[in-house]
Amino acid sequence: MTVPEKHKSGAQKHYKCAILTISTSKYWNREKGETDIGDLSGEIAQELVRKSGHEVVYYNVLPDDEDKIHEGISNALNADADFVIMSGGTGLTKNDVTIEVVSKLLKKEITGFGELFRLKSYEEIGTASVLSRAIAGVINQRAIFCLPGSPAAVKLALTGIIMPEIAHIMKHVRE
């Protein structure tokens, strides 16, 4: 048994996930009653989480608003999610506040996640990867991952980092 296999042994294999998309335009379109808001990143996240054998117990689209994001995270945790995937609101504009909200809530940051995400992004998009503020951490024995809002970023993070390691991450988060 290799060292990574040893660390992963005994870990639960199926978890409950919440997915939050942070997009003011999609939020307001949904509030206006539009049924097809075109949340490709959210759809990709749901598909990849389910394909990996996990359950999506909560999904929502939120605006770039500190109170709404905080409320969305609370709702996700109250829905009994073991881990939370957030996409969007991680950029550099004045409206991008996801990282600021989540950072205040983290009990521990998983610094290696952001580092590895930027490395993998660099391999795909080059130096534009420096704009990524992707982070991950722990809130109340649950993992939370903040990803850029692009469908490619969500797919990269989920297939290349989160899904292969979620059992290992959750094992340690719960210890």
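The values are calculated or read from the model by the stated rules, or taken from the named source; none is laboratory data. This one's a predicted model, so the numbers in the text were calculated from it and none came from an experiment. Here the Cβ is made from the backbone with ideal geometry for all residues, glycine too, and neighbour counts use every protein chain on show.
Can you tell which of Leu62, Leu147 is more than 13 Å from the chain's Cα centre (by Cα), crowded, with 22+ Cβ neighbours inside 10 Å and closer than 27 Å to Lys32 by Cβ? Walk me through how you get there before you give the answer.
Numbers: Leu147 fails: more than 13 Å from the chain's Cα centre (by Cα).
Matching residue, one of Leu62, Leu147: Leu62.
If the condition is being surrounded by 20 or more Cβ atoms within 10 Å (Cβ to Cβ) and either small (Gly, Ala, Ser) or free of Cβ contacts under 8 Å to residues at least 40 places away in the same chain (or both), then region 155-164 contributes Leu156, Ala157. For region 104-112, check the following and say yes or no: at least one residue is of a type in the set (Gly, Ala, Ser), within 17 Å of Ile144 (Cα to Cα) and under 14 Å from the mean Cα position of the chain (by Cα). Checked region 104-112: no residue is of a type in the set (Gly, Ala, Ser), within 17 Å of Ile144 (Cα to Cα) and under 14 Å from the mean Cα position of the chain (by Cα). Of the residues examined, Thr159 is not one that is of a type in the set (S, T, N, Q), touching a strand residue (DSSP E or B) at 6+ places or on another chain (Cβ under 9 Å) and modelled with pLDDT of 95 or more.
Output the residues belonging to region 99-122 that are aromatic (Phe, Trp, Tyr) and either over 17 Å from Gly88 (Cβ atoms) or touching a Phe, Trp or Tyr at 6+ places or on another chain (Cβ under 8 Å) (or both).
Here is the first cut: in region 99-122, the residues aromatic (Phe, Trp, Tyr) are 113, 117, 122.
Correct list: Phe113, Tyr122.
Only one of the numbered conditions (1) out of contact with any strand residue (DSSP E or B) (no Cβ under 6 Å at 6 or more places or on another chain); (2) surrounded by fewer than 18 Cβ atoms within 10 Å (Cβ to Cβ); (3) without any contact (Cβ under 8 Å) to a residue 40 or more places away in the chain; (4) not small (Gly, Ala, Ser) is violated by Glu109, and that is (1). Annotation note: Cβ proximity below 7 Å between a residue of region 122-140 that is over 20 Å from Met86 (Cα atoms) and a residue that is in a helix (DSSP H, G or I) and of a type outside the set (Asp, Glu) (sequence gap 6+ or interchain) occurs for Tyr122/Ser129; Glu124/Leu156.
Among the strands (runs of 3 or more DSSP E) confined to region 12-130, the ones with at least 3 residues that are more than 23 Å from His172 (Cβ to Cβ) and not β-branched (Val, Ile, Thr) are located at 55-62. Within region 79-92, does at least one residue satisfy the condition of being of a type outside the set (Gly, Ala, Ser), out of contact with any His (no Cβ under 6 Å at 6 or more places or on another chain), more than 18 Å from Ala18 (Cβ to Cβ) and touching a residue at least 12 places away in the same chain (Cβ under 8 Å)? Yes; the residues of region 79-92 include at least one that is of a type outside the set (Gly, Ala, Ser), out of contact with any His (no Cβ under 6 Å at 6 or more places or on another chain), more than 18 Å from Ala18 (Cβ to Cβ) and touching a residue at least 12 places away in the same chain (Cβ under 8 Å).
Checking each residue in region 90-123 for being modelled with pLDDT of 95 or more, of a type in the set (Gly, Ala, Ser) and farther than 24 Å from Tyr15 by Cα picks out only Ser121.
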